[in-house]
1. Just for region A:22-60: of the residues that are in a loop (DSSP other than H, G, I, E, B) and free of Cβ contacts under 8 Å to residues at least 24 places away in the same chain, which one is nearest to A:S94 (Cα to Cα)?
2. Here is a list of conditions, (1) touching a residue at least 60 places away in the same chain (Cβ under 8 Å); (2) surrounded by 22 or more Cβ atoms within 10 Å (Cβ to Cβ); (3) within 23 Å of B:G59 (Cβ to Cβ), and A:V78 meets all of them except one; can you say which number that is?
3. Restricting attention to region B:1-32, report how many residues are in a strand (DSSP E or B), of a type in the set (A, V, I, L, M, F, W, C) and within 18 Å of B:E64 (Cα to Cα).
4. Which one is farthest from B:Y36 (Cα to Cα) among residues in region A:81-101 that are buried (at least 19 other Cβ atoms within 10 Å of the Cβ) and touching a Lys or Arg at 6+ places or on another chain (Cβ under 9 Å)?
5. Is it the case that some residue within region B:91-102 is at pLDDT 95 or above, assigned to a strand (DSSP E or B) and not hydroxyl-bearing (S, T, Y)?
6. Which of (1) at pLDDT below 95; (2) under 24 Å from A:N59 (Cβ atoms); (3) surrounded by 15 or more Cβ atoms within 10 Å (Cβ to Cβ) does B:Q6 not meet, given it meets every other one?
7. State the number of residues belonging to region B:9-58 that are closer than 26 Å to A:R111 by Cα and surrounded by 12 or more Cβ atoms within 10 Å (Cβ to Cβ).
8. Could you tell me whether any residue of region A:87-101 is in contact (Cβ under 8 Å) with a residue 40 or more places away in the chain, out of contact with any His (no Cβ under 9 Å at 6 or more places or on another chain) and hydroxyl-bearing (S, T, Y)?
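The values are calculated or read from the model by the stated rules, or taken from the named source; none is laboratory data. Because the structure is predicted, anything quoted here is derived from the model rather than measured. Cβ atoms come from the backbone with ideal geometry, glycine included; neighbour counts cover every protein chain shown.
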Amino acid sequence: ETGVTQSPTHLIKTRGQQVTLRCSSQSGHNTVSWYQQALGQGPQFIFQYYREEENGRGNFPPRFSGLQFPNYSSELNVNALELDDSALYLCASSLAGQGDTGELFFGEGSRLTVL
Amino acid sequence: AQSVAQPEDQVNVAEGNPLTVKCTYSVSGNPYLFWYVQYPNRGLQFLLKYITGDNLVKGSYGFEAEFNKSQTSFHLKKPSALVSDSALYFCAVRDRNTGGFKTIFGAGTRLFVKA
């Protein structure tokens, strides 16, 4: 059973640029959630994807967008980067529907620095 | 709306002593409740959960938590702390009735266990 993997692990961008972060969900999972964790804070819910559709969104502007693919992997895209977007971006997979045990399985995260 | 409060930024305890990390929550329906742990520069790891049934739930590494519906609390406990328990602990809630699959995290409590 493979766990959740994220790429890249670290990246540096400048203000105004765009970034794409990738996540491969754990085998057998059908749902991916994305979180932003700023330094010293708890993870903030960005959005969740289930069956390739956005299935809930937190308080983030539209320049944060995502995709889920048929193999349940996912991308997080952020346009027009701002300094405050610097954070650890966490992907978590889970199984929704029958067999839902509730907990999330996290990747190691992608640390984004915006200069 | 769902919310989680962790009233202590930091908890200090001596090795061998019992530890408690506090959490209170707010949901409009029935909660799923979770505790996760995060080590430096890593993703979150699931520790334990309350779904239904016995109010005292046991999890990984000797941790347990008590669900108290009247006080809307879900405090994390361990009878005898280890230095290796030092980490950042997050309480999380999911409203099974109205929140869909969205899991909301508290701000976190840093646990220091002194040898």
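1. So in region A:22-60, the residues in a loop (DSSP other than H, G, I, E, B) come out as A:25-30, A:38-43, A:51-52, A:58-60.
Imposing the further condition that a residue be free of Cβ contacts under 8 Å to residues at least 24 places away in the same chain reduces the set to A:40-42, A:51-52, A:58-59.
Working: A:G40: 25, A:Q41: 23, A:G42: 19, A:R51: 12, A:E52: 14, A:G58: 18, A:N59: 21 Å.
Residue satisfying both the conditions and the ranking: A:R51.
2. (3)
3. Taking region B:1-32 first, the residues in a strand (DSSP E or B) are B:3-5, B:10-14, B:19-21, B:24-26, B:31-32.
Subset that is of a type in the set (A, V, I, L, M, F, W, C): B:4-5, B:11, B:13-14, B:19, B:21.
If we keep only those that are within 18 Å of B:E64 (Cα to Cα) too, we end up with B:11, B:13, B:19, B:21.
Residues in region B:1-32 being in a strand (DSSP E or B), of a type in the set (A, V, I, L, M, F, W, C) and within 18 Å of B:E64 (Cα to Cα): 4 in total.
4. Only one residue tops the list, namely A:L81.
5. Of the residues in region B:91-102, the ones at pLDDT 95 or above are B:91-92.
Going one step further and asking which of them are assigned to a strand (DSSP E or B), we end up with B:91-92.
Still in the list and also not hydroxyl-bearing (S, T, Y): B:91-92.
For region B:91-102, residues at pLDDT 95 or above, assigned to a strand (DSSP E or B) and not hydroxyl-bearing (S, T, Y): present.
6. Only one criterion is unmet by B:Q6, namely (1).
7. Adding up the residues that qualify gives 12.
8. Step one: filter region A:87-101 for residues in contact (Cβ under 8 Å) with a residue 40 or more places away in the chain, giving A:87-97.
Now drop any that are not out of contact with any His (no Cβ under 9 Å at 6 or more places or on another chain), which leaves A:87-92, A:97.
Checking the rest, the ones that are also hydroxyl-bearing (S, T, Y) come to A:89.
Scanning region A:87-101 turns up at least one residue that is in contact (Cβ under 8 Å) with a residue 40 or more places away in the chain, out of contact with any His (no Cβ under 9 Å at 6 or more places or on another chain) and hydroxyl-bearing (S, T, Y).
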